Amino acid sequence: MRVSVDLFIPCFVDQIAPEIGFSMIKILEKLGCSVSYNPNQTCCGQPAFNAGFFDEACKVAQKFVSDFRQALESEQHYIVAPSASCVGMVRNQYERLLGDALSKEHLFAIEHKVFELCEFIVDVLEVDKIPGAYYKAKAVYHDSCSALRECMIYDAPRKLLAGVEGLELHEPAHPNECCGFGGTFSAKFPAIAAGMAMQKVEDALAQGAELIISSDFSCLLHLDGYIKKHQKAVDTAHIADILASGW
């Protein structure tokens, strides 16, 4: 049976880097998936939730469930996002927000059918190399906090990047440390957030990296702000764009 995928595109990606979504489509279709996108989708509710506005977050979560109801109720149908942050919100907080309103079947589907792109490719499709992927650069991979701590994703992106021809991947000295974005954290504590970004960027430069890759665009946006302000000789890229390069 052909796997069907509904794209869930985070707010940051939709507004600032929509090309990441197109890279996802390119990759997933190459791997034999049927891909669809519901333009009525909005947010996962994480900004409101993190700020303590739980009633507002609940309304957004209800809309998410409505927008993706077909995927949640169908076999071999998944919801895939290029962001572990949004996936972590849906998996880990929707039961708290919607537990009294949804059936156990819907809650089970939310927790088991919503995936970050890399883990979906490796764990569901059982693919660890994108045929034809090529990107010549020396790079480090940045693990977002949400990927590591909420979704338990570590190996999948590294397996996929190891299969990219021309890419020389190095491990940062402190892979478990936050970049400083942290959603509202960077807004409330900008000096601390900037210092954490500095550590991440300097770590990458110490590895001789030309590129910092991540599966969370919000982290990359934060790091790129520091890089541009201080004119550091390193670029950033979302992993979807790297995996979709060269073919």
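Some values worked out for this structure:
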quantity	calculated
Residue pairs meeting the criteria (Cβ under 9 Å; at least 6 apart or on separate chains; first among the aromatic types (Phe, Trp, Tyr), in segment 129-145; second part of a loop (DSSP other than H, G, I, E, B) and surrounded by fewer than 23 Cβ atoms within 10 Å (Cβ to Cβ))	Tyr134/Ser245; Tyr134/Gly246; Tyr134/Trp247; Tyr135/Ser245; Tyr135/Gly246; Tyr141/Glu171; Tyr141/Pro172; Tyr141/Pro175
Among the candidates Leu205, Leu243, Leu223, residue that is farther than 17 Å from Ile16 by Cα and within 19 Å of the chain's Cα centre (by Cα)	Leu243
Long-range neighbours under 9 Å by Cβ, at least six apart or interchain, first residue in a helix (DSSP H, G or I) within segment 83-108, second of a type in the set (Ser, Thr, Tyr) and open to solvent by 10 Å² or more (accessible area, probe 1.4 Å)	Ala84/Ser146; Ser85/Ser146; Ser85/Ser218; Cys86/Ser146; Val87/Ser146; Gly88/Ser146; Met89/Ser146
All positions within segment 222-239 that are open to solvent by 10 Å² or more (accessible area, probe 1.4 Å), over 19 Å from Ala173 (Cβ atoms) and touching a strand residue (DSSP E or B) at 6+ places or on another chain (Cβ under 8 Å)	Asp224, Asp235, Ala237
Output for segment 37-57, where each listed residue is outside any loop (DSSP other than H, G, I, E, B), open to solvent by less than 90 Å² (accessible area, probe 1.4 Å) and within 20 Å of Ala81 (Cα to Cα)	Gln46, Pro47, Ala48, Phe49, Asn50, Ala57
Residue in segment 116-132 that is touching a Leu at 6+ places or on another chain (Cβ under 8 Å) and small (Gly, Ala, Ser) present	no
Conditions (1) surrounded by 14 or more Cβ atoms within 10 Å (Cβ to Cβ); (2) out of contact with any strand residue (DSSP E or B) (no Cβ under 7 Å at 6 or more places or on another chain); (3) not hydroxyl-bearing (Ser, Thr, Tyr); number of the one not met by Ile153	(2)
In segment 201-217, the residues that are open to solvent by less than 20 Å² (accessible area, probe 1.4 Å) and either within 19 Å of Arg149 (Cα to Cα) or of a type in the set (Ser, Thr, Tyr) (or both)	Ile213, Ser214, Ser215, Asp216
Of all residues in segment 85-110 being open to solvent by less than 10 Å² (accessible area, probe 1.4 Å) and farther than 14 Å from Gly45 by Cα, the one that is farthest from the chain's Cα centre (by Cα)	Ala109
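The values are calculated or read from the model by the stated rules, or taken from the named source; none is laboratory data. All figures in this text were calculated on a predicted structure; none of them were measured in a lab. With ideal geometry, Cβ positions are generated from the backbone for all residues, glycine too; neighbour counts draw on all protein chains shown. In case anyone asks, the SASA skips ligands and DNA or RNA and just uses the protein heavy atoms, side chains included. Shrake-Rupley method; radii C 1.70, N 1.55, O 1.52, S 1.80 Å.
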